[in-house]
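Read the structure below first, then the notes.
The values are calculated or read from the model by the stated rules, or taken from the named source; none is laboratory data. What you see is a predicted model; the values in this text were computed from it and never measured. FYI the Cβ positions are ideal-geometry reconstructions off the backbone, even for glycines, and counts take in every protein chain you see.
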Amino acid sequence: MDWLTMGRWSPYAVGIGIGVLSWLTFVLSDKPIGCSAAFARTSGMIERLFRGNKVLEKPYFKEFAPRVDWEWMLVVGAILGSFTSAKLSGQFKLDWVPSMWAAAFGPRPVTRVAVALLGGVLLGFGSRWAGGCTSGHGISGTLQLAVSSWLAAICFFIGGIAAAFFIFRILG
Amino acid sequence: MLTRLHNSKKTQLFLGLGAGFGFGFLLEKGGVTRYDVIVGQLLLSDFTVLKIMLSAAAAGMLGVHLLRNLGLAQLHPKPGSWGSTAVGGLIFGLGFATLGYCPGTIAGAVGQGWLDALAGGLTGIILGAGIFASLYPRLKPGILSKGEFKSRTYPELLKINPWAVVIPAVAIIAAFLVWLESRGL
């Protein structure tokens, strides 16, 4: 069982594993793997705590009801699965600042968290604007040969590569 | 039998949790729950993310289309338009590089112990999705519906048998991955 405690697997083994996992989700749950809608539902659940049932009348939450569904559980499961894998290989570690970030912008957690927050807002906003993320469009949509998903995946990388070069080659 | 399984709400929540567990486990083993690996991909110095995504797409494509032929699976391709898919995709890309995780891998990053992902990223994604939900009624009739795609999938667009797209697509992905490896990337 050495493979369970290994730190890294071949990216092809991982990719094929995710492909096979989507066969299972299509058959057993009639659902493609996706993550970003769960965050929109969560925002609705939090807003509901403050504003009550009025939130349910928002047009977006009529389409994506603020409740726990299959995909929401998938995101929770992903946290647990990653935690288990990291524990098995001894790579679980509480840490604030990734090393590439620290090398370019210093080791202060507050800067990193502020930028992560900004990046998160753009990511959450953009994923809902595009109707999916790296998993829903990038893997599940491309494997279904969806017109929208191939375009979305290409745009994710165009925007991402441009921004990464700007952040690390111009600012960093 | 499958329809009954699909309609059983409680069972589905457990199946979702299980699928997520497998997904997070694989993402962590692949290294893509790490900021350095994701940003390395966007700086074109580490191709792990693309290798995982493309091999998942190729394996998934073959299996899901076969299962569909056997009557065991249905496709759920998302609708799209230039205004929503392309513009949203570019905004997503800016966030992808700024945060250094995406909505799936951030769940994995939290599980691995990354506190920047938990305190900054996760909060930001929920906030960003909430802002979008509030603006949705104004965006929907405008930019989101500009240039809607008439067909949902390429086989539908080209009016050909899905396998006439699956086989060449898998071949192109495989050739691209072999080329990446031959370049030592």
> Is it the case that some residue within segment B:100-112 is assigned to a helix (DSSP H, G or I) and free of Cβ contacts under 8 Å to residues at least 12 places away in the same chain?
Replying inline: no
> Just to be sure, is A:Arg41 under 26 Å from B:Leu135 (Cα atoms), of a type in the set (Lys, Arg), free of Cβ contacts under 8 Å to residues at least 60 places away in the same chain and in a loop (DSSP other than H, G, I, E, B)?
Replying inline: no
>> Could you go through segment B:14-36 and let me know if any residue there is at the interface with another protein chain (Cβ under 7 Å from one of its Cβ atoms) and of a type in the set (Asp, Glu).
In response: yes
>> For segment B:68-88, give me each residue that is surrounded by 17 or more Cβ atoms within 10 Å (Cβ to Cβ) and at the interface with another protein chain (Cβ under 7 Å from one of its Cβ atoms).
In response: B:Ala73, B:Leu75, B:Pro77, B:Lys78, B:Gly80, B:Ser84, B:Thr85, B:Ala86, B:Val87, B:Gly88
> Out of all the residues in segment B:1-40, which are hydrophobic (A, V, I, L, M, F, W, C), under 15 Å from A:Asp30 (Cα atoms), surrounded by fewer than 24 Cβ atoms within 10 Å (Cβ to Cβ) and modelled with pLDDT of 95 or more?
Replying inline: B:Leu5, B:Leu13, B:Phe14, B:Leu15, B:Leu17
>> Residues that are over 15 Å from A:Ile33 (Cβ atoms), under 16 Å from the mean Cα position of the chain (by Cα) and surrounded by fewer than 22 Cβ atoms within 10 Å (Cβ to Cβ): does segment B:46-60 have at least one?
In response: yes
>> Being part of a helix (DSSP H, G or I), over 15 Å from A:Val75 (Cβ atoms) and either outside the structural domain of B:Ala171 (by TED's automatic domain parsing) or without any contact (Cβ under 8 Å) to a residue 12 or more places away in the chain (or both) is true for just one of B:Leu94, B:Leu54, B:Leu62, B:Leu13. Which residue is that?
In response: B:Leu94
>> Just to be sure before I move on: is A:Val14 under 18 Å from the mean Cα position of the chain (by Cα), within 28 Å of B:Ala56 (Cβ to Cβ) and not in a helix (DSSP H, G or I) in the structure I sent?
In response: no
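Yes/no per residue for (1) outside any helix (DSSP H, G or I); (2) in contact (Cβ under 8 Å) with a residue 60 or more places away in the chain; (3) surrounded by fewer than 20 Cβ atoms within 10 Å (Cβ to Cβ); (4) of a type outside the set (S, T, N, Q):
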{"site": "B:Leu90", "(1), (2), (3), (4)": "no, no, no, yes"}
{"site": "B:Thr123", "(1), (2), (3), (4)": "no, no, yes, no"}
{"site": "B:Leu135", "(1), (2), (3), (4)": "no, no, yes, yes"}
{"site": "B:Lys150", "(1), (2), (3), (4)": "yes, no, yes, yes"}
{"site": "B:Val165", "(1), (2), (3), (4)": "no, no, yes, yes"}
>> Test of understanding: among A:Arg67, A:Arg8, which residue is closer than 30 Å to A:Gln91 by Cβ, outside any helix (DSSP H, G or I), modelled with pLDDT of 95 or more and in contact with a helix residue (DSSP H, G or I) (Cβ under 8 Å, 6 or more places away or on another chain)?
In response: A:Arg8
>> For segment A:37-67, give me each residue that is in contact with an Asp or Glu (Cβ under 9 Å, 6 or more places away or on another chain) and either at the interface with chain B (Cβ under 8 Å from one of its Cβ atoms) or aliphatic (A, V, I, L, M) (or both).
In response: A:Ala37, A:Ala38, A:Val55, A:Lys58, A:Phe61
> Just a yes or no: is a residue in segment A:46-57 over 30 Å from B:Leu75 (Cα atoms) and among the acidic types (Asp, Glu)?
Replying inline: yes
> Looking at segment A:26-38, is at least one residue touching a residue at least 60 places away in the same chain (Cβ under 8 Å) and among the aliphatic types (A, V, I, L, M)?
Replying inline: yes
> Mind checking which residues of segment A:77-135 are of a type in the set (Ser, Thr, Tyr) and either over 30 Å from B:Ala133 (Cα atoms) or part of a strand (DSSP E or B) (or both)?
Replying inline: A:Thr84, A:Ser85, A:Ser89, A:Ser99
